[in-house]
Structure formats: structure tokens, C-alpha cells
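Remarks on the structure that follows.
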Amino acid sequence: MLRPRPPWLVPALVVVLVVTRIALPLLAIDATWEFHRDELLYFAMGEHLDWFRMQFPPLVPLVTRIAHAFAGDATLAARVPAALAGGATLLVMLLTVRALGGGTWALVVTALASAAAPLFMRTSVLLQPVVFDQLWCVAALFGVVLAIVRREPRWWLLAGMMFGLGTLTKFSAPLYGVLAFIATLVVPAARAQLRTRWPWLAAVLALVVGSASLTGQMVHGWPFFAQMRVLRAQQLARVTAGEYLIEQPMLLGGAALLALAGIVWACTRRPVGDDGDSARAPTRLHAVRWLATFAALLVTWYLVVRGKGYYAGPAYPLLLAAGSVTLERLRGRLRMATRVVVPAVLVATGLVLLPLGVPVFAPEAMARYAARFGGSRSNVGVTLDLPQDYADMLGWRAQAATVAAAWRALSPADRARAGIVATNYGRAGAQALHGAAYGLPYPVSIVGDFWAWGPGPRDGDVMLVVVDDPNAPYLRELWREVRVVAEHRDARRVPEERVVYVMLVRGLRMPLAEFWRRMGPVWG
């Protein structure tokens, strides 16, 4: 007779799996890599945190402000919060496994799937809204799963809270809420819950929690729509339906097996191998059908509107959890084969694809690895040696040092008057984060959020301009004297950052306030 498992075994296993998942991207990343371009922007936004008056949802800037206070300009300030969010996403996946009746094998396989998918590993490395967007959406879906499985509609309040936090993170959260509502209408067992007050209270809760993002948009004249116009023109216009669909299994790697298994469960009358004795078997099936419906809606939406492949990321985590439970319940020889083959496939594909999720190699080795997968393209279709996210994690500190050297070469009189202008948010963010260590003034820029923070205390008559084109016409249109005083070269980076010039400009042709009002904000 088998001895019963101790009650602490499953919680202990969950803790081990989550801690391992948090540690993996932190330990695997090569020390060469710096902050990502976007992370530099979010750290600058954290320095200008104004909860109800920001052009961008304020939660990620809040995280960067806290991380900066603890870790300064060390890259751990970005890596640790991202890894923690990735671990929290796995925790929700594991809780979903338990809610769907899964055991220890399903828990382990779900954790392996999370680590094997480049989609989830990449987001656990970069402190961007994407990792929190996935976390809040997955947690919201988990709330609906509990409401369906337990027949307790009050769990919708968890979904409402998470959709609200999602709205504080990224403006895709309202879309997830709408698609969750449509999925609820489609699945009869879920639709019945709409006759209770809880889903509607959840919607109100989401609106209240996420209100700071909405007030910021109203204050600044809805910059989100201007950002989306630029994004569509510069990046999304190049996304084809074929590329989007091919990218879905590539982003999941071996974890695509579990997604397919979850779909199988949703399409059957009961889970494979379920004996029908469980009182919750029917409600678990309803929950998985609801998850599959939501996933289908989200993937289809971004296919129709030509979104990037990773935009559909929140569709998959809980579907993977459902798939692991499905495979765990197989019987006979198929069960024995699955117990060995599925973990082996996940481990093998995870190891092969790990560098696509985490930059485990130095840049030169990473370029050779990427070449074996056909190379990489930038968001605007330019061929790169490195994946763009990785190319955007190089050279920022050295660029700030180049600006500092040009600053020190100025005469004392010029240094007393001069400011620093950066011509994109990466350069501005690099100067904002690293410039203080060199004693540089805080940079200004007309790009994006920097424009809203104003032109600073300098009069603009003597400036150092950090730019990729020293012959840009607007330089001589704005200043009477323009000359190159320094340059920074790094062939590993994206094209516009491979050669960056520091220009000394003098004699502003118009008042700085008028220039600021006329030129900005520029998005992209």
C-alpha cells in the first residue's frame, strides 16, 4: 500500500520551481549586456513619476523608481524585477494546474514549458511592460478559471483587480477585458455568471484601479493614439499574416506541445483519462474551454490587426497549464511514453532555444548563434547580426562616456551654460541614467515623454547634441554654429546607433520655449 504524500510536498515543489524560474534568467545572462533602450526610457520616467499625469501608464516607471533606489545604475535594477515578474507568472500557471486537478508531474512539466519558451524567457530578462502585461492578464484569467471551476463568481473580483493593474501597465489590458467578456458570452457555463453582480463589479474595479492611466491620457491629449499611428507606420505595416502565424510556435518552442494538448482538452467532452468521478471535472472542462476561447480570440485579433507575434503572449500560459494536466491524465503505454518524452522534448528545445530568450553568450558568439537561425531583422526590416533586443542592450554607457569627454573639453564658460540634447529616447535615457556619474547636466529631448518634461534650465544657446546624422538640416536651421566634437562607434548595435556624433552647437535662432512648442513631441 502506497504511503500518502506529506501535505507540504506540493507547496514545497511549487516554491522550488518558482525560485528556480526566477534565478534562471539572472544566472544565465552574460555580463556583457547592458540596459535595453526601452529600460533606459522607463528609468527616466521613474525619475519624473507623476501618478495621474503621465503620458504612459505609470506602473512600470514606479517599479523602475524603486529598483533605481536600491540598485542605482547597475543592470540588476532591471533584471531582478523582470525575473520576479516572470516567476510570478509561473506561480499563477502552477496554481492553475492545481485548480484544474493536476499533480506533481503536471507542475514540473508546466515549469519546464515556461523555461523552454523564448516568449516567456525573453520577457523575464527585460524590464518592459510586456512581462507585467503577461502577469496581470494571466492572473486575471486565473480569477475567471476559479470562478468557473468552483462555481464562485466572486473570483471575478480578482480578474477585475488584475485587469486594472494591467491598465496601469499597458493599454492592451482593456482589450483583454473585452475579449474575456466575449469568451464568457460564448461558453454557456461561464455566461451564466453574468447573471450575478460579480463580473460587473469586477469591471468597475478594473476601471477604478486603472484610472491613473486614463487621466494621464486626458491631461496630455491622448498621446497613445499618436504613438499608435507612428508604430503602425514604422513597424506594424511590415508585419504579414504569414510571419505572425509562423512566429507563434517559434515563440513557444517545445511548449507548443502543451498548448496543443490544452486545445485537445477544450475540444473533448471530458479530459483524456478522466474517470468522471471528480465533482469538478465538468467545471474544469468548462474553464479550459473558456481559456481556449479567449486564446483563439486574442490570437485572431492580432492576426487581423497585424500585431507583432509576441502580442498574443498572454493567450498561452494558462493553456500550457491545461495541456500539462491533459497529458498527465493519459493512460496505458501512451502515458508511460509521455512521462519521458514530453519532459525530454521540453528540456532539449529549451536548451537549444535558450539564447533566443536570454543572451547567454557574449555579443560575438550570440551573432554566430543567431546566424544559424537565419539572422535577425529590426523592427523596420533592416537585417541585423543580433536580435534587435540584444543589439539594443549594448553601448549605452560608453556612449555616455563619449558625451562626458566632449563635455570636459568645453571651456569653463561653455560648461556653465551648456546643456545636452539627445535625439532619440535611448540616447536621452542613457544620458539620464549614466550622465550623473560624470557630472553632466540632465539631458533634454523633444522625443516622446522627454518633451513633456520641458527644455530644462538652460537657454539653449550652447548645447551638446547627441545625434546619428551630423548633417541633419534641422541642426543648422536651429543654430548658427554646428560642428562635430566627438563620435562613438560600435558596429554591434542597430544601424542608427553604430556611429553617434556629439555636436557642439551655438547661437539658437529662436527662443527655446518657442522651439519646444513647435518641434515636439516626436514619437518613434
Out of (1) within 30 Å of Pro174 (Cα to Cα); (2) open to solvent by 40 Å² or more (accessible area, probe 1.4 Å); (3) in contact (Cβ under 8 Å) with a residue 24 or more places away in the chain, the one Val345 does not meet is (1)
Among the residues of segment 332-351, is there at least one that is farther than 22 Å from Ala266 by Cβ, touching a His at 6+ places or on another chain (Cβ under 8 Å) and in a helix (DSSP H, G or I)? no
Can you find a residue in segment 272-279 that is of a type outside the set (Asp, Glu) and modelled with pLDDT of 90 or more? no
Those residues of segment 300-331 which are under 15 Å from Ala266 (Cβ atoms) and of a type in the set (Gly, Ala, Ser) amount to Ala315, Ala321, Ala322, Gly323, Ser324
Take segment 105-130 and flag every residue that is over 25 Å from Trp33 (Cα atoms) and of a type in the set (Gly, Ala, Ser). Ala106, Ala111, Ala113
Glu487: open to solvent by 40 Å² or more (accessible area, probe 1.4 Å), more than 20 Å from Met393 (Cβ to Cβ) and either in contact (Cβ under 8 Å) with a residue 40 or more places away in the chain or aromatic (Phe, Trp, Tyr) (or both), yes or no? yes
Mind listing just one residue for me: the one in segment 173-210 that is open to solvent by less than 40 Å² (accessible area, probe 1.4 Å) and hydroxyl-bearing (Ser, Thr, Tyr) and, of those, farthest from Trp301 (Cα to Cα)? Thr184
Looking only at segment 52-67, which residues are modelled with pLDDT of 95 or more and either open to solvent by 50 Å² or more (accessible area, probe 1.4 Å) or among the aliphatic types (A, V, I, L, M) (or both)? Leu59, Val60, Leu62, Val63, Arg65, Ile66, Ala67
Taking segment 110-149 and keeping only residues that are within 12 Å of Gly350 (Cα to Cα) and either in a helix (DSSP H, G or I) or acidic (Asp, Glu) (or both), one is left with Ala111, Leu112, Ala113, Ser114, Ala115, Ala116, Pro118, Leu119, Phe120, Met121
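To keep it simple, each residue is scored yes or no on (1) exposed (fewer than 14 other Cβ atoms within 10 Å of the Cβ); (2) closer than 20 Å to Thr293 by Cα; (3) in contact with a Leu (Cβ under 8 Å, 6 or more places away or on another chain); (4) small (Gly, Ala, Ser).
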position: Gln217; (1), (2), (3), (4): no, no, no, no
position: Gly221; (1), (2), (3), (4): yes, no, no, yes
position: Gln227; (1), (2), (3), (4): no, no, no, no
position: Val239; (1), (2), (3), (4): no, no, no, no
position: Gly253; (1), (2), (3), (4): no, no, yes, yes
position: Ala256; (1), (2), (3), (4): no, yes, no, yes
position: Gly262; (1), (2), (3), (4): no, yes, yes, yes
position: Trp265; (1), (2), (3), (4): no, yes, yes, no
Within segment 385-402, is even one residue outside any helix (DSSP H, G or I) and open to solvent by 40 Å² or more (accessible area, probe 1.4 Å)? yes
Qualifying positions in segment 156-172 - assigned to a helix (DSSP H, G or I) and either open to solvent by 20 Å² or more (accessible area, probe 1.4 Å) or among the aromatic types (Phe, Trp, Tyr) (or both): Trp156, Leu157, Leu158, Met161, Met162, Phe163, Leu165
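The values are calculated or read from the model by the stated rules, or taken from the named source; none is laboratory data. Just so it is clear, the structure is predicted and the values come from calculations on it, not from any experiment. Positions of Cβ are backbone-derived with ideal geometry, glycine not excepted, and every protein chain shown enters the neighbour counts. All accessible areas refer to the heavy atoms of the entire protein, side chains included, with ligands and DNA or RNA removed. Shrake-Rupley method; radii C 1.70, N 1.55, O 1.52, S 1.80 Å.
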